[in-house]
Amino acid sequence: MDKLLIQGGVPLSGEVRISGAKNAALPILCAGLLSADTLTLSNVPHLRDITTMLTLLGQMGLYVTVDEKMGVAMNGANIDKREAPYEMVKTMRASILVLGPLVARFGEARVSLPGGCAIGSRPVDLHIKGLQAMGAHIDIEHGYIVARAERLKGARIFMDMVSVTGTENLMMAACLADGETVIENAAREPEVVDLAQCLVSMGAQISGAGTDVIRIRGVEKLHGANHRIMPDRIETGTYLCAAAATGGEIRLINTSAAYLDSVIDKLMDAGCDISSEKSPNHEAIILRAPKKLSAVSIRTSPYPAFPTDMQAQFMAINAVASGTAIIRETIFENRFMHAVELQRLGANIRIDGNQAVIEGVAKLTGATVMATDLRASASLVIAGLVAEGETLIDRIYHLDRGYECIEEKLSQLGARIKRVH
Ligand code: EPZ
């Protein structure tokens, strides 16, 4: 099993290119199921989760070609298997995103229930409830969601909780339903907007994406299109935190500050100087860190508030900031597993339910730690970059799911990091 070996203490400096957004690419790949034509995607990130999704879609009969620049072309003319088996779904929960497209286009789907994961139980009841509202008959049989529908009908759906993939699944299903669907209390994440823009380029009729009310007027069929995946705002935020924690100065390209207001505000409160450069076909974000960060408290909430996917990274920077920070996690019930690992590096963190109190310490010291989930792994990398001495991070397959070439990109910024087998 691969591990990452980090020698801490080097302020990051230089320029790094941000990849396409994992959480935009995953639903957009599933949109390929909605059309018998060819959907061509660019700026697709080279990640384990993307490979897993392409494998699943290929097994269903989607004709997929990938070029050397990770450009992806998918043709949905011959989808002969409308199933997502447990073996695939258990390795990647986002497989649930094939459900809406399959029911909408073929009137049937058999998708394994994702089951829980490290950060929480993560039910999919809202996905199911929304499809039932559109007329799908859904049974749960032997751990599988078995869905059937003549043709989905437009419906008014109120989401009890803001759900990113729930909104995405139902928006895709509604594209081919008969009549209009209104999704209320919809997720407003930028990745939902990117998916909507891709669907509209395929001929879907969608308005309101990015607000909490999305209207979709169903059409008979969708055609092919070309779409460029948006930049990964969480990867962007992660590198900003790494530079902030190490007292460095970095420039991120192929990304945008547009979707990171809450994160950038907090990094500025912590004492960082952040600016962005904009030109017609280029945007970059520059961060200059202070000598010593000031502690910043955060409370995770749905977009546009502070993203839960940046919570672990901020716990790492608060570990070495001056002062006390309070982090409140309101989205997932078990997303503090990085805390005990950070404590092994010398962090002073007290967990009380969904609240963590972090007292900044003068320094962290290297140790062997274990990654538990994707963003927890990122927080351990940030802490390892700061800690005195050597940090060895185990189970970094979690990292490879969501960060493209992380050790290469960090090495470009001067980090002393290498992958050991
Ligand atoms: C998406 O997960 C992201 N994944 C997650 O990113 C992200 O943390 C999360 O949104 C929140 O922003 C992808 O986009 C592939 P939710 P998702 O449905 O859609 C509850 C990462 O690190 N809920 O918005 O699964 C749920 O339990 C990953 O890249 C229900 O109760 O999250 C949670 O408490 C981790 N019933 C809350 O809603 C449902 O049917 C938000 O979950 C659905 C969700």
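Structural remarks
- Residue in region 31-39 that is closer than 30 Å to G135 by Cβ, buried (at least 19 other Cβ atoms within 10 Å of the Cβ) and of a type in the set (S, T, Y) present: yes
- Taken as a whole, the condition of being touching a residue at least 60 places away in the same chain (Cβ under 8 Å) and more than 13 Å from the ligand (Cβ to nearest atom) does not apply to A73.
- Considering (1) surrounded by fewer than 16 Cβ atoms within 10 Å (Cβ to Cβ); (2) in contact with a helix residue (DSSP H, G or I) (Cβ under 7 Å, 6 or more places away or on another chain); (3) under 20 Å from P231 (Cα atoms), the lone condition that K81 does not fulfil carries the number (3).
- Residue list for region 310-326, filter: more than 18 Å from L345 (Cβ to Cβ) and buried (at least 19 other Cβ atoms within 10 Å of the Cβ): M310
- Single condition A21 does not satisfy, out of (1) away from the ligand (no atom under 16 Å from the Cβ); (2) at pLDDT 95 or above; (3) surrounded by 15 or more Cβ atoms within 10 Å (Cβ to Cβ): (1)
- Where A77 falls short, out of the listed (1) over 16 Å from A31 (Cα atoms); (2) of a type in the set (A, V, I, L, M); (3) assigned to a loop (DSSP other than H, G, I, E, B): (1)
- All positions within region 344-354 that are assigned to a strand (DSSP E or B) and of a type in the set (D, E, K, R): R350, D352
- Scanning region 306-328 for residues that are of a type in the set (A, V, I, L, M) and assigned to a loop (DSSP other than H, G, I, E, B) gives V320, A321.
- Test result for M53, within 16 Å of the ligand (Cβ to nearest atom), of a type in the set (A, V, I, L, M, F, W, C), crowded, with 18+ Cβ neighbours inside 10 Å and within 16 Å of L26 (Cα to Cα): yes
- Residues of region 258-275 classified as part of a loop (DSSP other than H, G, I, E, B) and either more than 16 Å from the ligand (Cβ to nearest atom) or more than 16 Å from G237 (Cβ to Cβ) (or both), total: 4
Matching residues to (1) part of a loop (DSSP other than H, G, I, E, B); (2) touching a Ser or Thr at 6+ places or on another chain (Cβ under 6 Å); (3) under 30 Å from N43 (Cβ atoms):
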| position | (1), (2), (3) |
| --- | --- |
| T330 | yes, yes, no |
| L342 | no, no, no |
| A376 | no, no, yes |
| S379 | no, no, yes |
| G384 | no, yes, yes |
| S411 | no, no, yes |
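- Subset of region 217-254 (residues that are touching a strand residue (DSSP E or B) at 6+ places or on another chain (Cβ under 8 Å), within 16 Å of the ligand (Cβ to nearest atom) and of a type in the set (S, T, N, Q)): T236
- Top-ranked residue of region 276-297 - restricted to ones that are assigned to a strand (DSSP E or B) and not hydrophobic (A, V, I, L, M, F, W, C), ranked as farthest from L240 (Cα to Cα): S279
- Selection within region 293-334 - β-branched (V, I, T) and within 11 Å of the ligand (Cβ to nearest atom): T300, T308, T330, I331
- Top-ranked residue of region 93-127 - restricted to ones that are at pLDDT 90 or above and among the small types (G, A, S), ranked as farthest from I50 (Cα to Cα): G107
The values are calculated or read from the model by the stated rules, or taken from the named source; none is laboratory data. All values reported here derive from a predicted model rather than from experimental measurement. Counting neighbours? That spans all protein chains shown, and the Cβs are built from the backbone with ideal geometry, glycine included.
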